[in-house]
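Participant: Supplied in structure tokens, the structure appears directly below.
The values are calculated or read from the model by the stated rules, or taken from the named source; none is laboratory data. Remember, predicted model here, so these are calculated numbers, not experimental data. Cβ: placed from backbone, ideal geometry, glycine included. Neighbour counts: every protein chain shown. Accessible surface areas use protein heavy atoms only, side chains included; no ligands, DNA or RNA. Shrake-Rupley method; radii C 1.70, N 1.55, O 1.52, S 1.80 Å.
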Protein chains: 4
Amino acid sequence: MMKTILLTGFEPFAQSDINPSWEVARALDGWRTEQFIVHSVQLPCVFGTAQQAMIHAIEQYRPDVVIALGQAGGRCEITPERIAINIDDARIPDNAGSQPIDIPVAAAGPAAYFSTLPIKAIVQNLSANGIPSAVSQSAGTFVCNHVFYGLMHYLATKQNPARAGFIHVPSLPEQAALHPGEASMALADMLHGLRLAIQTSCSQQQDIAVTGGQIH
Amino acid sequence: MMKTILLTGFEPFAQSDINPSWEVARALDGWRTEQFIVHSVQLPCVFGTAQQAMIHAIEQYRPDVVIALGQAGGRCEITPERIAINIDDARIPDNAGSQPIDIPVAAAGPAAYFSTLPIKAIVQNLSANGIPSAVSQSAGTFVCNHVFYGLMHYLATKQNPARAGFIHVPSLPEQAALHPGEASMALADMLHGLRLAIQTSCSQQQDIAVTGGQIH
Amino acid sequence: MMKTILLTGFEPFAQSDINPSWEVARALDGWRTEQFIVHSVQLPCVFGTAQQAMIHAIEQYRPDVVIALGQAGGRCEITPERIAINIDDARIPDNAGSQPIDIPVAAAGPAAYFSTLPIKAIVQNLSANGIPSAVSQSAGTFVCNHVFYGLMHYLATKQNPARAGFIHVPSLPEQAALHPGEASMALADMLHGLRLAIQTSCSQQQDIAVTGGQIH
Amino acid sequence: MMKTILLTGFEPFAQSDINPSWEVARALDGWRTEQFIVHSVQLPCVFGTAQQAMIHAIEQYRPDVVIALGQAGGRCEITPERIAINIDDARIPDNAGSQPIDIPVAAAGPAAYFSTLPIKAIVQNLSANGIPSAVSQSAGTFVCNHVFYGLMHYLATKQNPARAGFIHVPSLPEQAALHPGEASMALADMLHGLRLAIQTSCSQQQDIAVTGGQIH
């Protein structure tokens with residue numbers, strides 16, 4: 001049966017006028033194969049309303065797979081996140097000027113949720129196809145983690161069996177050109193990587209047992 | 001009332017013949033003030049048995065505060081960890097040759113536990129005293145995180161009210177001298193930092209509301 | 001008058017089966033505009049013979065501008081080098097197994113030569129066009145610096161007025177995919193960057209006065 | 001015969017109120033053994049006058065060995081510099097507000113001078129004694145390089161046979177505590193390292209042939 005993929009990206013934030021996560025999501029909106037179709041939605045970079053926009057999109061599209069994308073300026077690779085944690089701790093204000101410190105995402109929620117995407121298989125598939133990729137053990141404590149946790153908590157609460165997770169993408173070259181020393185990745189490579197990640201998320205039932213851990 | 005502090009450090013691992021976490025714990029063993037006394041215990045760098053040694057020490061000393069220390073080679077700062085996650089994913093074998101991949105620390109445990117140490121107050125106190133320090137959002141997925149999760153899970157399961165958490169220390173200069181490009185910290189500064197961290201853990205009831213988050 | 005550009009790249013080295021410097025040079029071989037034509041030559045990654053191949057190519061093509069390219073694995077940006085130094089100090093063997101330590105490139109040569117390319121204008125032009133770029137203060141002490149010094153020394157000795165210098169390019173994504181944590185740049189962006197660098201080297205007579213320095 | 005060592009350090013710069021290079025020099029002022037005596041002098045962090053203060057000190061003390069120290073914020077190790085280059089290119093203003101861009105240190109001077117300290121032997125000795133150390137291929141283009149070049153040019157011009165060079169030291173822990181992510185080294189370890197470097201500079205006639213190079 002045809003699967004529905006919900007792909008989200010963020011609006012620009014932190015003085016940038018572009019966000020690679022949305023550039024990727026936008027470019028893949030409407031992509032369909034015999035196995036799936038992709039619907040893309042932009043989220044505001046705002047605590048609270050970003051989560052509400054995510055939930056609204058899930059209710060609208062009833063996806064089988066949800067992949068939330070965000071920008072991780074400074075990282076070299078496409079990084080599927082392993083875990084979402086129940087905390088908002090903002091080093092900078094969000095796009096609405098809010099800067100929560102050590103506030104739970106969901107007051108009664110558990111401390112964390114693991115991604116249900118096959119993150120090891122995704123990393124292996126991207127790497128094998130020449131796209132730098134690695135598992136990340138922390139999605140941070142800003143709006144990315146907030147949306148990731150909110151997504152997993154919503155699905156758990158609703159007993160919604162959709163597979164879901166978060167993937168960070170690096171800065172684009174035109175962003176890094178303004179920040180000497182910052183790594184970047186071309187949009188074409190991000191798109192190649194995300195296409196592979198979507199396919200793997202649809203086809204790979206169990207994740208594979210290869211290490212993606214960190215000593216510390 | 002006099003508080004009892006349990007401080008643990010690890011035996012050496014990964015080709016090193018010294019582990020700064022144990023050097024710190026050993027040097028502070030028996031340290032007492034009017035407020036507390038410190039008992040230090042060495043843990044093996046082995047999945048499973050490290051946790052058992054921790055539990056044994058808790059049952060022996062009945063501490064009010066437990067601070068587990070570990071080495072984070074490459075980090076510049078003393079880093080109180082925010083959260084322990086329910087996964088073992090070993091990039092290298094432990095000292096008994098075991099290398100679990102994506103195995104829960106506790107099969108029926110929750111996804112994560114937050115540290116109950118006042119991590120923001122510790123970082124603020126160390127920084128104000130000239131000791132580089134920062135909150136870390138990930139304790140990795142090796143034996144350090146394993147012990148941290150096991151510690152928090154044991155206390156939660158036993159409804160033991162002890163305050164507990166994990167603090168990573170950098171490599172020592174003599175270790176970094178063998179690994180060009182690796183940051184380090186002098187043992188004297190680590191000891192200064194850990195003394196402050198122990199005092200703050202005893203005196204600071206509620207953590208303070210200052211940011212210690214990451215964008216990603 | 002039509003200018004002749006000599007562009008060199010290296011054969012693969014250090015366990016890699018591809019070298020981005022040659023991929024760039026090869027792709028631009030024969031590129032011509034109304035102002036210039038590009039001739040590309042591959043150099044061996046071997047002390048001594050790399051220099052001889054460079055000199056042979058200069059004598060063959062009699063270029064107005066020489067740009068030698070090399071790979072700088074780990075760098076994020078396209079980095080025009082400021083200076084070539086008169087030393088070979090190899091951390092690894094070259095492709096012929098030679099590993100000189102603290103041997104001058106040219107026994108009677110001066111300590112160093114500055115690039116005569118407009119390195120600041122190149123960096124400014126690339127950055128303005130969204131290609132990450134920065135001045136580098138050191139081309140290392142391996143075959144890249146060896147060729148760079150040999151090139152400048154040859155031109156100086158022959159009183160050859162050709163403009164010349166060295167530009168390092170990052171790893172390609174398919175290389176970085178095998179080395180977690182290594183930055184990379186897409187070949188298309190490298191080509192865009194080098195086209196701009198060649199045009200700037202032809203059109204910009206004097207370099208511009210913008211900072212490209214380092215504190216240390 | 002008793003040797004005279006001139007050791008220089010800089011006054012604080014760039015918003016810091018301390019400079020580890022001067023803390024080290026100050027602490028070693030007057031240190032004497034049967035082989036040598038150390039005289040320490042503070043240099044202003046100002047283009048031009050820093051050089052004049054260096055020359056004045058050489059004329060006053062007539063040293064056999066000159067070691068100029070500077071701070072390299074962000075580096076992990078004590079780094080003897082290999083080469084001084086004939087360029088001032090300031091990314092920030094000096095302490096007098098001057099910010100030269102691409103101005104030669106000495107209008108008629110050569111492009112560069114190599115250190116005449118036994119830099120490989122120094123690195124080996126420090127590393128063997130547990131003090132992180134590495135050869136650096138670039139002293140930057142700010143006041144440190146300016147003083148280093150000026151020192152070597154003065155000695156060359158005067159045919160003064162004194163051995164001379166520049167060594168960068170990391171930030172102090174109390175500086176790094178204000179700059180999250182910055183590596184540091186304890187003052188005691190810097191002093192240990194510089195004592196070894198001074199002894200090696202007096203006793204080691206020829207440098208040793210071990211690699212201290214960089215690929216790029």
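Participant: What's the local net charge at D:L187, with K and R +1, D and E -1, over the other residues with C-beta under 14 Å away?
Facilitator: So the surrounding residues net to -2.
Participant: I need the peptides B:13-23, A:153-163, B:108-118 ranked by packing, meaning the mean over residues of other C-beta atoms within 10 angstrom, with the highest value on top.
Facilitator: Numbers: B:13-23: 18.1, A:153-163: 14.7, B:108-118: 19.6.
Output ranking for B:13-23, A:153-163, B:108-118: B:108-118, B:13-23, A:153-163.
Participant: Name the long-range amide H neighbours of C:A186: under 5 Å, sequence gap of 5 or more, or other chain; modelled H, no Pro or chain starts.
Facilitator: A:A186
Participant: Looking at the square roots a ≥ b ≥ c of the eigenvalues of the Cα gyration tensor of the range D:102-185, which shape do they give, rounded for a/c under 1.5, prolate if a/b is larger than b/c, or oblate?
Facilitator: Here the range D:102-185 falls in the oblate category.
Participant: Give me the distance between the Cα centres of the range A:153-202 and the range C:1-50, rounded to whole Å.
Facilitator: With the range A:153-202 and the range C:1-50 each reduced to a Cα centre, they are spaced 35 Å.
Participant: Could you compute the net charge surrounding A:V38? Neighbours are other residues with a C-beta less than 9 Å from the C-beta of A:V38; K and R count +1, D and E count -1.
Facilitator: The answer is 0.
Participant: Same structure, new question: Under the rule of at least 5 residues apart or a separate chain, name every residue whose amide H is placed under 5 Å from the amide H of C:V41.
Facilitator: Under 5 Å from the amide H of C:V41 lie the amide H atoms of C:L7, C:T8, C:G9, each far enough along the sequence or on another chain.
Participant: Next up: Which links in A:K3/A:K158; C:K158/D:K158; A:K158/B:K120; B:K3/B:K120 stretch past 28 Å when you go from one Cα to the other?
Facilitator: As for pairs spanning more than 28 Å Cα to Cα, those are C:K158/D:K158; A:K158/B:K120.
Participant: Taking each residue in D:140-148, count the Cβ atoms of any other chain within 10 Å of its Cβ, then average. What number comes out?
Facilitator: On the way: counts 5, 10, 4, 2, 3, 5, 0, 0, 0.
The mean count of partner-chain Cβ atoms within 10 Å per residue comes to 3.
Participant: Let me ask something else about it. 222 nm [θ] for chain C, helices only, -39500 (n - 2.57) per DSSP H run of 4+, per residue, to 500?
Facilitator: Taking each H run of at least 4 residues, the total per residue is -9500 deg cm²/dmol.
Participant: Moving on. So how strong a dipole does the protein assembly as shown carry about its Cα centre when Lys and Arg Cβ are +1 and Asp and Glu Cβ are -1, to the nearest 20 debye? List each step's numbers first, then the result.
Facilitator: Details: 44 positive and 68 negative charges, 0 e Å.
Taking the Cα centre of the protein assembly as shown as origin, the dipole is about 0 debye.
Participant: Still on this structure, I have one more. Could I have the simple spin-label model distance between D:A188 and D:Q99, label points 7 Å from Cα toward Cβ, reported in nm to one decimal?
Facilitator: About 4.1 nm, to one decimal.
Participant: Roughly how many debye, to the nearest 20, is the charge dipole of the range B:37-142 about its Cα centre, given +1 on each Lys and Arg Cβ, -1 on each Asp and Glu Cβ, and no other charges?
Facilitator: 240
Participant: How big a patch of accessible area, both sides summed and in Å² to the nearest 100, lies buried between C and D at a 1.4 Å probe?
Facilitator: So the total buried area for this chain pair works out to about 2900 Å².
Participant: Using R₀ = 45 Å, calculate the FRET efficiency as 1/(1 + (r/R₀)^6) where r is the Cβ-Cβ separation of A:Q205 and C:Q199; round to 0.05.
Facilitator: My answer for the efficiency is 0.30.
Participant: In nm, what does the list of distances from D:Q15 to its counterparts in the other copies look like, shortest first, when each label sits 7 Å along Cα to Cβ?
Facilitator: 1.2, 3.9, 4.0
Participant: Now a separate question. Helix by helix through chain C, keep the DSSP H runs that span 15 Å or more along the axis on Cα and average at least 0.0 on Kyte-Doolittle, and give those back in order.
Facilitator: Within chain C the helices that satisfy the rule are C:143-157, C:187-203.
Participant: Further question on the same structure: How far is C:G97 from the same spot in each other copy, in nm, shortest first, if each label point sits 7 Å from Cα toward Cβ?
Facilitator: Those label-point separations list as 3.7, 6.4, 7.2 nm.
Participant: Next up: May I ask you to order D:183-195, A:29-41 by the average number of other C-beta atoms within 10 Å around their residues, highest value first?
Facilitator: My ranking of the peptides, most packed first, is D:183-195, A:29-41.
Participant: Still on this structure, please answer the following. With every atom except the alpha carbons ignored, what do you get for Rg and Dmax of the protein assembly as shown, in angstroms?
Facilitator: Just the Cα atoms of the protein assembly as shown yield Rg and Dmax of 28.7, 91 Å.
Participant: Averaged across D:124-131, how many Cβ atoms of other chains sit within 10 Å of each residue's Cβ atom?
Facilitator: Mean inter-chain Cβ contacts per residue within 10 Å come to 3.
Participant: Whole angstrom only: what separates the Cα centroid of the range C:93-149 from the Cα centroid of the range B:51-123?
Facilitator: Spelled out, the Cα-based centre of one part sits 46 Å from the other.
Participant: Placing one identical point scatterer on every Cα of the range C:3-203 and ignoring solvent, what is log10 I(q)/I(0) from the Debye formula at q = 0.16, 0.18 Å⁻¹?
Facilitator: With one equal scatterer per Cα and no solvent, log10 I(q)/I(0) is -0.98, -1.28.
Participant: Enter the mean number of other protein chain beta carbons within 10 Å of the beta carbon of each residue in C:206-213, as an integer.
Facilitator: Across C:206-213, the average partner-chain Cβ count within 10 Å equals 5.
Participant: So the label point sits 7 Å from Cα along the Cα-to-Cβ vector; using that for C:P161, what distances do you get to the other copies, in nanometres, sorted shortest first?
Facilitator: 4.5, 7.9, 8.8
Participant: Amide H neighbours of D:I78 under 5 Å, at least 5 residues apart or on other chains, H built in the peptide plane: list them.
Facilitator: Distant-sequence amide H within range of D:I78: D:S133, D:A134.
Participant: Here is a further query. What is the distance, in nm, between label points placed 7 Å from the Cα along the Cα-to-Cβ direction at D:R32 and at B:D17?
Facilitator: Placing both labels 7 Å beyond Cα along the Cβ direction yields 4.0 nm.
Participant: Net charge within 14 Å of A:I215 by Cβ-Cβ distance, Lys/Arg positive one each and Asp/Glu negative one each, not counting A:I215 itself? Mind dumping the intermediate values first?
Facilitator: Values: positive: B:R75, B:R91; negative: B:E81, B:D88, B:D89, B:D94, B:E182.
Residues close to A:I215 contribute a combined charge of -3.
Participant: If you don't mind, there's one more thing I want to ask. Can you work out which chain C residue has the shortest Cβ-to-axis distance for the rotation that carries C onto B, and give it in Å?
Facilitator: Axis-proximal residue of C, distance in whole Å: C:G181, 6.
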